[in-house]
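Notes follow the structure.
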Amino acid sequence: MPPERLEKVIQDKRLWIYEKLLQKEALNPTPPVTKEFISGEGFYYLGRSYRLKLVHDTKQNQPLRFHQGCFLLQATAQADGREHFIYWYRTHLQTQLEQMMPPLSRRVGAEPRSLQVRDLGYRWGSCGQKGDISIHWRVAMLPKRMIEYVLVHELVHLIEHQHSPEFWDRLERILPDFDKRRSWLAEQGTCCSL
């Protein structure tokens, strides 16, 4: 694109860009607190906060596990706590998504070529041109209703690639309360950080 044309597009969309930046700033007024991975600290899973307990259990063969409503992290693995949580979230979210996928695929009328859990930066989900869907590992922290919204949103992208009026109409037919879920995610999604 020639620079002068790009400049014109930017000028034409200037107010929209400023509005979106202000909305983002309003929704994220303070940066999330960095986790320390100490006993008593709370970690979200499926929309609920669970306490972390550092353990010195030589019988626990994984660095991190979830047991009786509590995350148990080997004290020797504390320095790598973030990586252990990410791995745990990825594997458990993959299982959740695979269970949710068949009925949601039928409702949407589309099935992805593949479904992966990855780090997507600031995005909750992504749909590739070849039909591959990726979901951010942080989605594991969200309530199941929000996980359903993210997954259906990406499934609809298999049919409607852009956020066109047709996309939002189709999404609304599948999830009539999608707008409330989308707003909740924009306002409350910041709880999902490590």
Residue check: is residue 106 part of a helix (DSSP H, G or I) and either within 28 Å of residue 34 (Cβ to Cβ) or touching a residue at least 40 places away in the same chain (Cβ under 8 Å) (or both)?
-> no
Out of the range 136-149, which residues are in a helix (DSSP H, G or I) and either among the aromatic types (Phe, Trp, Tyr) or open to solvent by less than 80 Å² (accessible area, probe 1.4 Å) (or both)?
-> 137, 138, 139, 140, 141, 146, 147, 148, 149
Among the residues of the range 32-54, how many are touching a Ser or Thr at 6+ places or on another chain (Cβ under 6 Å), closer than 19 Å to residue 142 by Cβ and either open to solvent by 30 Å² or more (accessible area, probe 1.4 Å) or of a type in the set (S, T, N, Q) (or both)?
-> 1
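The rows are residues; the columns are (1) among the basic types (Lys, Arg); (2) open to solvent by less than 40 Å² (accessible area, probe 1.4 Å); (3) out of contact with any Asp or Glu (no Cβ under 6 Å at 6 or more places or on another chain); (4) without any contact (Cβ under 8 Å) to a residue 60 or more places away in the chain.
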site	(1), (2), (3), (4)
116	no, no, yes, yes
119	no, no, yes, yes
130	yes, no, yes, yes
151	no, yes, yes, yes
168	no, no, yes, yes
181	yes, yes, yes, yes
192	no, yes, yes, no
For residue 123, work out the one condition from (1) without any contact (Cβ under 8 Å) to a residue 40 or more places away in the chain; (2) open to solvent by 20 Å² or more (accessible area, probe 1.4 Å); (3) outside any loop (DSSP other than H, G, I, E, B) it doesn't fulfil.
-> (3)
Filtering the range 55-91 down to residues that are touching a residue at least 40 places away in the same chain (Cβ under 8 Å) and open to solvent by less than 70 Å² (accessible area, probe 1.4 Å) yields 78, 81, 85, 86, 89
Of the candidates 59, 53, 20, the one satisfying the condition of being over 23 Å from residue 147 (Cα atoms), basic (Lys, Arg) and modelled with pLDDT of 95 or more is 53
Residue 99 is checked against (1) over 20 Å from residue 181 (Cβ atoms); (2) part of a helix (DSSP H, G or I); (3) among the polar types (S, T, N, Q) and fails just one. What number does that condition carry?
-> (1)
On the given criteria, is residue 134 among the small types (Gly, Ala, Ser) and either touching a residue at least 60 places away in the same chain (Cβ under 8 Å) or under 16 Å from residue 97 (Cα atoms) (or both)?
-> yes
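The values are calculated or read from the model by the stated rules, or taken from the named source; none is laboratory data. Not measured: the values here are computed from a predicted model. As a convention, Cβ positions derive from the backbone with ideal geometry for all residues, glycine included, and neighbour counts pool all protein chains shown. When the accessible area is computed, the model is the full protein with side chains, heavy atoms only, and any ligands, DNA or RNA have been set aside. Shrake-Rupley method; radii C 1.70, N 1.55, O 1.52, S 1.80 Å.
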